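What follows draws every value from the coordinates through simple rules; no lab data is involved. Predicted, not measured: the structure shown is a model, and the values here were computed from it. Glycine gets a Cβ as well: all are built from the backbone with ideal geometry, and neighbour counts include every protein chain shown.
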Amino acid sequence: MNFLWMKVSEWLKELLVAGIIGNLSGLFDGINDKVAQITDVVGMTPQQWNGGVFSMVKNLSETVVTPIAGIILTAVACIELLSMMIERNNMRDFDLFEVFKWLMKTTFAVMIVSNTWTIVMGVFEATQSVVNRAAGVVVADTSIHLEEIIVNLEQRLMEMEVGPLFGLFIQSVLMQIISWLLTISIFIIVYGRMIEIYLVTSLAPVPLATMVNREWGQIGQGYLKSLFALGFQAVLMIICVAIYAVLVRSIAVETDVVKAIWTAVGYTVLLCFCLFKTSSLSRSILGAH
């Protein structure tokens, strides 16, 4: 009877070990690919990332949004001129210097709206140069390989009892689901930032039309802050990846199989959370709304 039970246990053990190794094989491949893409994607300007989308957004902005910005600029300039005249004792104290200042401000406003895309791309060119230099300094290998974390995995699994192996098999299935969700999350966060950049820049002429106005200028200033926040968000994302690279290297010292694998999954969850927080953190640092 004992012989029969030993044979059944051995068969179950081999079945569970094969299932666990099958579930764990390539567990982090998708995550490794997406994490490796982070530095490449965030290091690109909007024009470099997708030239087709960039051209479409730029054309839409210039043909649809810029005329609206021109109307807003005209309205703001007229309101400012009327306010300036009324403030001078109902136009009795007429000052030609004030009119000259108004003309200069209006001229600058027209120049800003006319060169909107030069300004916007200048912001991202400046921030991307910082991002690329940061990536060259801090980013290391971020790949997670189970064969490096756990040496002789199959042999160590065969030394375990059937009960713990069954529990580990259930956990390996759960790890596959979590890994899939993390891969999607990293994709959404990284590529979602690029889509947000295109959406924000598409309306650039409207807030920039208010830049030089005394009362409405805070709209344009807030918009520029949001652009810089989007640009420097990439620096924070690079730092998150660098911290993640250091953390995953420490997993190799783990001796417990389950603990080592869950530690790797936990670090990846932490990376996703930190990447998600970079947007609000960057806006908070730069005072953007």
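General observations
- When each of Lys105/Lys277; Lys34/Lys277; Lys58/Lys101; Lys34/Lys225 is checked by Cα-Cα distance, pairs over 27 Å: Lys105/Lys277; Lys58/Lys101; Lys34/Lys225
- Sorted by Cβ density within 10 Å, fewest first, the residues Ile186, Ile177: Ile177, Ile186
- The packing ranking of peptides 63-72, 238-247, highest mean first, is 238-247, 63-72, where packing means the average number of other beta carbon atoms within 10 angstrom of each residue.
- With neighbours defined as other Cβ atoms within 10 Å of a residue's Cβ, the residues Ser172, Ser114, Ser202 order from fewest to most as Ser114, Ser202, Ser172.
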